[in-house]
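Reviewing the structure listed below.
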Amino acid sequence: MIETRFLISSTRIEPASLRQISRVLADLGWKPALREAERAFLHAAGLHDGQEEALAAARDTRTEIFSALPTRRAHLRRVIAAELFFRDEEIYYLVTKPEGRGFWMPPANSSDEGQPEVEIGVISPRRAGLGDRLQHFSEELRQAANTAAGGGEPVRFEWRKDLPHTPRLAFLQASDERRDPPSFTPTRLGLVELEFGRTLAAALPRQILKDLMRAGFGREQDLAFLAKADPEMLRGALEELKQLGLVEIEYLLECKQDHHALLRAKTRRQLEAPELADFVCPVCQANFASETITAVYSPSAAARQVRAESQWLRIWVTERLTELGVPLGAMLWRSDGGQESDILAEFFGQLWLIAVKDGDFSADDGYAINYRRVRCRADRVVLLASGAIGQEARRLLEDALNDEQGPGGAGRLLYIEGLADASQRLEQALAASSFTYAQQRLRPIEEISGYDLGALLRLRFAAATAAAAGAGLASVPRLPQTAAPAAISA
Ligand SMILES: [Zn+2]
């Protein structure tokens, strides 16, 4: 997984000043790769440093061969300038757009077209301390810009803090507010909830709860029989469920002849009450007082709640996503009372709809998920089931996406059956997106420099992107630029 962070300031830096700033940055240890490449070319041609501007100017005025219009690159080089710095295993970049952002720039916010803008960013395989390193770069840039300005008007950078991190989630939530009850809720990961998710991610405790819910209560041996479990392991799982308050112990008065249930109570004493002693068992005709009392397990109210809407699975997946670096604030939960529910997550400039279900996805689920996908305009759809994902459900979603997006549209779908490799599959999908996102932010630099920076990222972050290729999502067609990609962090 690679991380991209960027900062934006409404500062005006002309392309010519950027050359000087790059020179100063080079003295501070930031080797400007594009400038260095240009210099190497000059030297090879027997020219010297002072002539680079003349050469660049000649290049920038080139026109299309058959018309008087400048080439796209020549045009871009007039309105934006950029530099790349390779430091340790990271890539830093700097883009200046003195005339503001044109339609070719990935927007961070749609409100300020036409404002001069400087964007700096870092692309890294290392998340820890990334914000600090970008901060350090911004500080060195400020110094360099002021040194280059040579005592003139000081250059100010005000890195914007108001970039919308999750504009699409905010929009969905706002339009949902009028509904009662609202279908979107912020994610909640309390300690207890986390434990529920972790415990029920294992098959045996999950099976026990399922059997208990169906029967209402169960003896230890009945549960072992139903789950086909080793008695020792079953006892361990029951103990765990008991400690979490998901199962409760109750007492059962049963016929000693055929184990027929006569009465169930919260305490043993309730069953031993004298007023019950003289009742007669319809099977063996004995008094209740001489029948046996056994401890049984029953599901608690919390267990019913955590199984409804596959809540435990939603918790479990949310926790996996936070481990992979998706902030809790970038996710919403959606439910409508059915057995499945969604996590909506916005990161890497995309909206993900992650439908989860404890059980199998059916054709009906496929319809419902497709409807929700269209309504929230999700870019990616993940179906994650503890059981299977039916062929009907798959075909329905695939046909809808292929019809809508053209062939290959179904590449936006990801199916995960069972939890065994769910973490890994999610990570691969995220890694593929992280790569696309970095590539997207570097696109203006790619256009003006003529280097294939997508290929450069692949080569440079080979290990981080090998996993992404495995996800089969790396080749998904680029998303249209209509929706504003969110800053992951600024
Ligand atoms: Zn009896």
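Taken together, the values in this text are just the output of simple stated rules run on the coordinates, not laboratory data. Predicted model, so just to flag it, every value in this text is computed and none were measured. When we count neighbours, we look across all protein chains shown, and the Cβ atoms used for this are built from the backbone with ideal geometry, even at glycine.
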By Cβ neighbour count within 10 Å, fewest first, Asp399, Asp132 rank Asp132, Asp399
Exposure-ranked with fewest Cβ neighbours within 10 Å first, Cys255, Cys284 stand as Cys284, Cys255
Over all Cα pairs of the chain, the Kirkwood radius sets Rh, and Rg/Rh then becomes 1.16
So Ala45 and Arg198, fully extended at 0.36 nm per residue minus their Cα-Cα distance, gain in nm 48.6 nm
Note, the range 439-447: 3J(HN,Hα) by Karplus (6.51, -1.76, 1.60, θ = phi - 60°), whole Hz, Gly/Pro = x, goes 4, 5, 6, 8, 4, x, 5, 4, 5
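May I ask you to derive the relative contact order of the chain, considering only C-alpha pairs under 8 Å and at least 6 residues apart, and to give it as an integer percent? If you can, show how the numbers build up before the last one.
Details: 809 pairs, mean separation 84.3, N = 490.
It rounds to 17 percent for the chain.
Neighbour counts of other C-beta atoms within 10 Å: give me Glu291, Glu139, Glu52 arranged from fewest to most. Please list the in-between numbers first.
Values: Glu291 23, Glu139 11, Glu52 16.
Ascending Cβ contact count within 10 Å gives the list Glu139, Glu52, Glu291.
Under a Cβ-Cβ cut-off of 12 Å, what is the net charge of the residues other than Ala170 that fall near it, where Lys and Arg count +1 and Asp and Glu count -1?
Details: positive: Arg168; negative: Asp176, Glu177, Glu346.
Here the count lands on -2.
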If one compares the long axis through the Cα atoms of helix 363-376 with the longest principal axis of the Cα atoms of the chain, the angle in degrees, nearest 10, works out at 40 degrees
Rounded to the nearest 10 degrees, the helix 15-27 long axis (Cα) sits at an angle to the longest Cα principal axis of the chain of 70 degrees
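If you take the beta carbon distance between Glu99 and Ala170 as r and set R0 to 51 Å, what does 1/(1 + (r/R0)^6) give as a FRET efficiency, to the nearest 0.05? Intermediate values should be presented prior to the final figure.
Details: r = 29 Å, r/R0 = 0.57.
Using R0 = 51 Å, I get an efficiency of 0.95.
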Violations at 21 Å Cα threshold for listed pairs Lys210/Lys357; Lys228/Lys357; Lys228/Lys256; Lys210/Lys242 -> Lys228/Lys357; Lys228/Lys256
Residues meeting the amide H criterion for Ala388 (H placed from the backbone, H to H distance under 5 Å, 5 or more places apart or on another chain) are Asp360, Phe361
So, with points 7 Å from each Cα along the Cβ direction, the Glu323-Ala463 label distance in nm works out to 2.0 nm
Zone reached by a paramagnetic label modelled 7 Å from Asp88 Cα along Cα→Cβ, restricted to the range 132-163 with backbone N below 15 Å, covers 132-138
So, with points 7 Å from each Cα along the Cβ direction, the Asp180-Arg377 label distance in nm works out to 2.9 nm
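Once fully extended, how much extra length lies between Tyr415 and Arg268, figured as 0.36 nm per residue of separation less the alpha-carbon to alpha-carbon distance? Each step should come with its number before you reach the end.
Numbers: separation 147, 0.36 × 147 = 52.92 nm, distance 4.84 nm.
Roughly 48.1 nm would be gained on extension.
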Label model pair Thr61, His136: point-to-point distance (7 angstrom along the Cα→beta-carbon line) in nm is 4.3 nm
Expressed in angstrom, Rg and Dmax over the Cα atoms of the range 1-58 are 14.2, 43
Once the in-chain neighbours fewer than 8 apart are removed, the aspartates and glutamates whose Cα is under 12 Å from Lys31 read Glu83, Asp88
Output ordering of 148-154, 276-282 (per-residue mean of other Cβ within 10 Å, highest first) is 276-282, 148-154
Between the alpha carbon centres of the range 120-181 and the range 287-342 the gap in Å comes to 38 Å
The percentage of Cα-Cα pairs in the range 299-403 separated by more than 23 Å is 26 percent
By the Cα gyration tensor axes a ≥ b ≥ c (a/c under 1.5 gives rounded; else a/b larger than b/c gives prolate, otherwise oblate), the shape of the range 191-305 is prolate
Neighbours of Val296 by Cβ distance under 10 Å: Lys/Arg at +1, Asp/Glu at -1, summed charge -3
